[in-house]
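Here the structure comes first, spelled out in structure tokens, and everything after it is commentary.
The values are calculated or read from the model by the stated rules, or taken from the named source; none is laboratory data. What you see is a predicted model, and the numbers here were worked out from it, not measured in a lab. Ideal geometry is used to build each Cβ from the backbone, glycine not excepted, and the neighbour counts take in all protein chains shown. Quick note on the areas: whole protein, heavy atoms, side chains included, nothing else; ligands and nucleic acids left out. Shrake-Rupley method; radii C 1.70, N 1.55, O 1.52, S 1.80 Å.
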Amino acid sequence: MNSSMILSITTFVYAFASVLYIGAWTFKKEFMARMGFFVLVTGFTGNTVGIILRWIESYQMGYGHAPFSNMYESLVFFSWTVAILYLFVELKYQERIIGVFATPLIFLAIAYASLSPSIGDKITPLIPALKSNWLIAHVITCFLGYAGFAVAFGFSIMYLVKPAGPSTSKLMSRLPSLEVMDELNHQMVMFGFLFLTIGIITGSVWANSAWGTYWSWDPKETWSLITWFVYAILLHLRMMRGWHGKRIAWVSIVGFMAVLFTYFGVNLLPGLHSYA
Amino acid sequence: MVKHESRQRPENQVWKFFTSVKLTVVVLLMLASTSIIGTLIPQNGSQAFYIQKYGEVFYNLFNRLNFFDMYSAWWFLLLLGILALNIIICSLDKLSLVWKIIFPAEVIFHIHHFRKMKNRQSCEIDLSVDGLREKYRGFLEKNIGSVTEQKTDEGIALFAEKGRWTRLGVYVVHLSILLLLAGALIGALWGFKGFVTIPEGETTNVITNRENEGTIDLDFSIRCNDFTVSFYDTGQPEEFKSSLTIIDNGKELFTRDVIVNDPLRFRGISLYQSSYGTASAKNIVLSMTSLESGMSYSIKADFGKSLNLPESGGTFVLERFARHYNFRGHDLGEGFAGRVTGEGQKEIEVFIPVKFPTFDKMRRGRFAFEISEFEKTYYTGLQVTKDPGVWYVYTGFVFMIIGCWITFFMSHQRFCVDLQQKNEGSSKVIISGTSNRNSQGMKIKIQRLAKKMSKL
Ligand code: HEM
């Protein structure tokens, strides 16, 4: 049993969890959501074991680095962070059904890692510049930030598909109140903003220890800053211009598009970062 | 935060302009959207590259708009300047008001505010108001903060609050941005980014400025004693290491190994391991095969020293090590260049590529030269930077994280326990509360408090 295999199985467990959450919402069945929660916890456990095992394997191969060093590993870790954040929110706010749009993201990320032919799951050694504890802190915090924005994105979509006023369809009435979703969206954006901030900061401290400049405007850096600006705009619109609900949900979606571009799109542009 | 009228300063439109959050949003939007340009157009390339890529017309247009070095273009810096002014003036404008909220002469609670709140939990308990008062007072003091009591028509209300100071968090965030910008400015004005390559065994104090290709003299010298590179079994480099000695006025101060991610810092200047290459060679053994006799000979060779060839073949001088040897338009890569002078003949230049050791046979000279043994010597490439602004930036980083943490996860929370006497020995308890953020979290918190308090 190696890490890749465990992670492949995890992919299917996550798929099952998403199906259950979507089912719970579609068929209005509370027990499906409850099952979904437990399946999600199972998937999350597998995900955790997979990551730890991969770390151990890298030491056995003599490279010895944290498993956050290529696209495959970063996607697996992305799933992990979204899963843990979502589980935390569900437990804290006691809202079951809100996983409808968040759990598919968990599944999609890890499925893309496992199935895309262009993403190799080989463990490779690190080039010298990438050997730094700052880099580990950088990757972990950036991904916590991305996870916050991903969950916020899920909630925003939910907000937009739920019609205002007394619900006509039963399906929609299963969603939590608009007020709660708006608040949750905001909580997740703040969580994401804090961690993206720490992520950018640790990245720049690392760059300063590796090449003597804390900021060099490379495309990945710039795009993470653009993302950060978008969410800073969101916070100000909400605090000072009183934006709420739909409009904030749209800004949150735009922000998540910027996250996706920072993550995937930048690889199409010239630059230093080979992945995440 | 409490809503308030911004102070009337109609005489000063400029001031008003810079206090507005609308301006903040517009400037951030402009920063975000213009930043995209620099990720699409490679920055700081050569003119030839741009003309080839975009054509003459667009080259001129982009060049005029500073798109090739946009992050230091005047209009980009102007946007950052406006942002800084916006933060400063907006904060100054609000500070006195915010100060009064954060450090009030007296904390006042209004029971009618709390009675109108949506966040309310109530229960009935078989105890008199006076009996409950002591218990709840202790509970609130332990869990929230100091308690204020007020008599009401129906009984007694207990108030408690915490986290008033957390309203300062936002100002910490904004201050941190000013620190970042100040640090960047200081670095740009009084710092430099340079580069130096030092072959093993050599010493220098002159570096190249990366911004203008000029040179900078350091007030100390750097000697590279040794450079080593190790590889993984996949052939990827594992580690680069330079042993450097810092020399001041001819005196050796100290020697240290510098590896990637672990720079050497001295007198405000940092030396980073950044690249390496082959500088030259040592312990070279030159072999030659005589065309006439077929005999082979080997001699130790040093650069610049003339060697007498066997069979009275004249002299050979090993001249230099070349990183790229150009042979009729082809780059033969690394190799050794030398000169042969046969007796009474003209000098001939000989080249011996590392990759093609038998290359010299094709010349069909009296001897075919070959390098049979040698060791490479390296040069180390060091990034040399001075940035006196970096500590402002790092302080800004710390402030920003702390400020965001306070702003996002802490709040100013106020609670009210409204004790109302019902009939003999029973009371109604209403617990309500408000917070300046996270109302959902507050709702849950009130529910938890109510549960605990009903069981006390
Ligand atoms: C990159 C620049 C900026 C960043 C990262 C930033 C960040 C923040 C953050 C994190 C908050 C807290 C939002 C919340 O409570 O959810 C905030 C609030 C605020 N910001 Fe900024 N800010 C920036 C620039 C500015 C500027 C230029 C102004 C000037 C008008 C400004 C004015 C405000 C105000 C008035 C608040 C609300 C404070 C309150 O609660 O009363 N911000 N900002």
* For residue B:173, what accessible area in Å² do you get when you roll a 1.4 Å probe over the heavy atoms of the protein chains, rounding to the nearest 10? -> 20
* **Alpha-carbon radius of gyration plus Dmax, which is the widest Cα pair, for the range B:382-449 in Å** => 23.5, 86
* Structure fact -> Sorted on mean Cβ neighbours within 10 Å (highest first), peptides B:222-230, B:45-53 come out as B:222-230, B:45-53
* Structure fact -> Mean projected area (nm²) from the convex hull of Cα positions in the range B:312-406 is 12.0
* Structure fact -> Quick tally, 1.4 Å probe accessible area for B:190, B:15, A:206, sorted with the most first, runs B:190, B:15, A:206
* How much of the accessible area of the range B:199-264, probe 1.4 Å, is carbon plus sulfur, in whole percent? -> 42
* Structure fact -> For residue A:65, the accessible surface traced by a 1.4 Å probe with all protein chains present amounts, in square angstrom to the nearest 10, to 10
* Asked: Out of every Cα pair in the protein assembly as shown, what percent are spaced more than 37 Å from each other?
  -> 57
* Calculate the mean, over all residues of peptide A:197-209, of how many other protein chain Cβ atoms lie within 10 angstrom of the residue's Cβ. => 4
* Counting only other chains, what is the mean number of Cβ atoms within 10 angstrom of the Cβ of each residue in peptide B:32-41? -> 5
* **chain B: relative contact order as a whole-number percent, Cα under 8 Å and 6+ apart** => 20
* To do: Take the alpha-carbon centre of the range B:174-205, take the same for the range B:246-323, and report the distance between them in whole Å.
  => 32
* Asked: Accessible area per residue of the range B:132-285 at 1.4 Å probe, in Å²?
  -> 50
* Asked: What is the average number of partner chain Cβ atoms found within 10 Å of a Cβ in A:236-243?
  -> 3
* Along the range B:148-164, what does the Karplus equation 6.51 cos²θ - 1.76 cosθ + 1.60 (θ = phi - 60°) give for ³J(HN,Hα), rounded to whole Hz, x for Gly and Pro? -> 10, 10, 9, 6, 10, 4, 9, x, 9, 10, 10, 10, 8, 8, 8, x, 4
* For the protein assembly as shown, what does -39500 (n - 2.57) per DSSP helix run (n ≥ 4), summed and divided by total residues, give at 222 nm, in deg cm²/dmol to the nearest 500? -> -16500 deg cm²/dmol
* Among B:62-71, A:215-224, B:103-112, what's the highest-first ranking by average C-beta atoms within 10 angstrom per residue? -> A:215-224, B:62-71, B:103-112
* Accessible area in the full protein assembly, largest first, 1.4 Å probe, for A:57, B:373 -> B:373, A:57
* Based on the mean of other Cβ atoms within 10 Å per residue, sort peptides B:354-364, A:148-158, A:38-48, A:20-30 so the most packed one is first. => A:148-158, A:38-48, A:20-30, B:354-364
* To do: Go through B:22/B:118; B:53/B:355; A:246/B:443; A:28/A:92 and tell me which ones have a Cα-Cα distance over 26 Å in this structure.
  => B:22/B:118; B:53/B:355
* To do: Tally up the carbon and sulfur contribution to the accessible surface of the range A:1-110 as a whole percent, 1.4 Å probe, everything protein left in place.
  => 75
* To do: Compute the distribution of all C-alpha to C-alpha distances in the range B:248-356, in bins of 5 Å from 0, and list the percent of pairs in each, rounded to whole numbers.
  => 2, 9, 14, 16, 13, 11, 9, 8, 7, 6, 4, 2, 0
* With a Förster radius of 35 Å, plug the Cβ-Cβ distance of residue B:60 and residue B:303 into 1/(1 + (r/R0)^6) and report the FRET value to the nearest 0.05. => 0.10
* Asked: Given a 1.4 Å probe and every protein chain left where it sits, what share in percent of the accessible area of the range B:366-456 is carbon and sulfur?
  -> 53
* To do: Consider all pairwise Cα distances in chain B and report the whole-number % of them above 41 Å.
  => 54
* Structure fact -> iface B-A | buried accessible area, total | probe 1.4 Å | Å², round 100 | 4600
